[in-house]
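The next block holds one structure in the form of structure tokens; read it before the comments.
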Amino acid sequence: MKQVLDVDRVVRQRIRAMRLAKGWTLDALARQCHLSASNLSRIETGERRIALDQLVPIARALGTTLDELIESEEDEDVVIRPHATEAGDITTWLLSHERGVNGVTVAKMRITPDRPTGPEDMVVHAGRDWFTVLSGTARLHLGDRIILVETGDAAEFSTTTPHIIGAHDGPVEILTIVTHDGERSHLPHGTAAHPHD
């Protein structure tokens, strides 16, 4: 019973926090989800149990999902213990459980100088790529250009230009944020946060 009460408390806190983050009053949220402001007030304060038929329109109005409203507060949902996935000249550690609302995956990559970086190895996909160099020097092949990105520096570029990231004078470790299309192009098979459609 305590677990149900804990989830109930967490859901109430999330509803209130999301409402306030949007700058909405109870009346504003009530208009969006077609419930009365007094019902919402009683839900937020715990004077009324939350029913599923109320939770669905509240989540929709707040721009979230039921899963996000009721997800556990266990440490396992917060702490990520990445496992290395090796694919020849690249080792990848996923640093996000799954793509978030904004549709991105965070990964750490270690690239050795053995990685092929010729024109035939370059990829093109929709969106933009971003990475920062944690150690070493990255060699970014971007179209006809070769750009060296040193430790502590970051790079951001349009991915409609053919590109590939290699290592310059020794291994390089980068932290990258990639979109769904970037996952397909850059993360070795089997490391993607989600199975692809």
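So the values come out like this:
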{"read-out": "Label-point separation, LEU134 to ASN39 (7 Å along Cα→Cβ), nm", "value": "4.9 nm"}
{"read-out": "Whole-number D in µm²/s for the stretch 2-75 (Stokes-Einstein; Kirkwood sum over Cα pairs; 37 °C, 0.692 mPa s)", "value": "268 µm²/s"}
{"read-out": "Dipole magnitude of the stretch 2-75 about its Cα centre (Cβ charges: Lys, Arg +1; Asp, Glu -1), debye to nearest 20", "value": "420 debye"}
{"read-out": "Note, ³J(HN,Hα) from phi for the stretch 150-157, Karplus 6.51, -1.76, 1.60, rounded to Hz, x at Gly and Pro", "value": "7, 3, x, 8, 10, 9, 9, 7"}
{"read-out": "Residue order, fewest to most surrounding Cβ atoms within 10 angstrom, among LYS22, LYS108", "value": "LYS22, LYS108"}
{"read-out": "At R0 = 41 Å, FRET efficiency that the Cβ-Cβ distance of ASP8 and GLU156 yields, to 0.05", "value": "0.45"}
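Bear in mind these aren't lab numbers, they're just calculated from the coordinates by the rules spelled out. As the structure is a prediction and not an experimental result, all values here were calculated from the model. Note that we place each Cβ from the backbone using ideal geometry, even for glycine, and neighbour counts take in every protein chain shown.
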